[in-house]
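The values are calculated or read from the model by the stated rules, or taken from the named source; none is laboratory data. Quick caveat: nothing in here was measured; it's all calculated off a predicted structure. Here the Cβ positions follow ideal geometry from the backbone for every residue, glycine too, while neighbour counts run over all protein chains shown. Please note that ligands, DNA and RNA were not included when accessible areas were found on the heavy atoms of the full protein model with its side chains. Shrake-Rupley method; radii C 1.70, N 1.55, O 1.52, S 1.80 Å.
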Amino acid sequence: MRRAVGIHFMEDVSRLKSLIADLEKLEADPITKPELMANPTLDNWLPSACAVSCVEGEIEGNLGQRSGHRLKTSQTFAIVRCDDESFVRTLDRWYRLGTEGIR
């Protein structure tokens, strides 16, 4: 099998590793208030949302969805090109990219 020839990361891998380490620590042993107090403060904060990169298309070969069902993926973290094929890694899973759509 040939190796991937092009990889584009949508997020910095070291930042993601830091996030995972914090989440695993939180899961294993609840964090203490003194640890949390050392962090910066957000004043006058409000819940908000921001756009993240994702891919939208018609699914084929997914046992949980009927073929042709249009969906948006979860956040995209990497795009991999290998020979004439492209793949995308989202928060939830890998997808093989077929024909690109037209906007």
Enumerate the pairs (first residue in the stretch 61-90 and modelled with pLDDT under 85; second residue anywhere and open to solvent by 80 Å² or more (accessible area, probe 1.4 Å) and in a loop (DSSP other than H, G, I, E, B)) with beta-carbon separation below 6 Å, excluding pairs fewer than 6 apart on the same chain, so at least 6 apart or on different chains. Ser67/Glu60
Within the stretch 55-70, residues more than 10 Å from Tyr95 (Cα to Cα) and surrounded by 14 or more Cβ atoms within 10 Å (Cβ to Cβ) come out as Gly57
For the stretch 31-50, does any single residue satisfy the condition of being open to solvent by less than 90 Å² (accessible area, probe 1.4 Å) and touching a residue at least 24 places away in the same chain (Cβ under 8 Å)? no
